[in-house]
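What follows is a single structure, written as structure tokens, with notes after it.
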Amino acid sequence: MSIINTVATAAFILITSSIMYAEESKKPAPTAEPKMASPKGAKAYIIFPKNGKTVKTKFLVKFGLKKMGIAPAGIKFPNTGHHHLIIDGAKFDMNLPLSMSETLKHFGAGQTETFLELKPGKHTLKLVFADHLHRVHQPPVISEEITITVK
Ligand SMILES: [Cu+2]
């Protein structure tokens, strides 16, 4: 996983730098801002509900974070970021700003909990912490995925 990630990142940097090199003759290209670093031991986790639990159609989700702090989206400050909630395994790109959808929610004001309303059945939830530009940190701070039953 981390080797693939490293290779993908290297390829991305290579492509980016060749594009920037090609553009250089036309106008000064802005330097791509590197992803924000996360400290050792940083961790995002879902405090509530617990994995395997049954909840009502409208329920509270509490976000947990270790070794980092919360900052609103757009505010650049070391070791901070904001939470994103991935519902039912919504896909996202580790090298691009996270998209926004019904199943990939941003909490750019720095929220640490939310009320979710989901249809009855099994669902999965996962937290992805990301920097001021909505990009995952380096290394990524992503919670374990939990499975819940909505009744
Ligand atoms: Cu975001």
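No lab work stands behind these numbers, since they all come straight from the coordinates. Computed from a predicted model, the values in this text were never measured in an experiment. Reconstructed Cβ throughout: ideal geometry from the backbone, glycine too, with neighbour counts over all protein chains shown.
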Counting Lys +1, Arg +1, Asp -1, Glu -1, what net charge surrounds Ser38 among other residues with beta carbon under 11 Å of its beta carbon?
+4
Using only alpha carbon positions, build the gyration tensor of segment 35-150, then give the equivalent ellipsoid semi-axes as the square roots of 5 times its eigenvalues, largest first, whole angstrom.
24, 14, 12
Net charge, Met100 excluded, C-beta distance under 15 Å - Lys, Arg +1, Asp, Glu -1:
+1
For a quick check of your reading of the filter: which trypsin sites (Lys or Arg not before Pro) in segment 68-108 sit in a DSSP loop and have no more than 16 other Cβ atoms within 10 Å?
Lys76, Lys91
Local electrostatic count, Ile146, Cβ distance below 9 Å [Lys/Arg +1, Asp/Glu -1]
+1
Label points 7 Å out from Cα along the Cβ direction at Thr57 and Gln111: separation in nm?
2.0
For segment 91-151, what's the relative contact order in percent, using C-alpha pairs closer than 8 Å and at least 6 residues apart?
37
Among Lys66/Lys122; Lys66/Lys119; Lys35/Lys122; Lys40/Lys126; Lys66/Lys151, which pairs are too far apart, with a Cα-Cα distance over 25 Å?
Lys66/Lys122; Lys66/Lys119; Lys35/Lys122; Lys66/Lys151
Kindly rank 41-54, 109-122, 129-142 from highest to lowest mean number of other beta carbons found within 10 Å of each residue.
129-142, 41-54, 109-122
Measuring from centroid to centroid over Cα atoms, what is the spacing of segment 50-89 and segment 107-151 in Å?
5
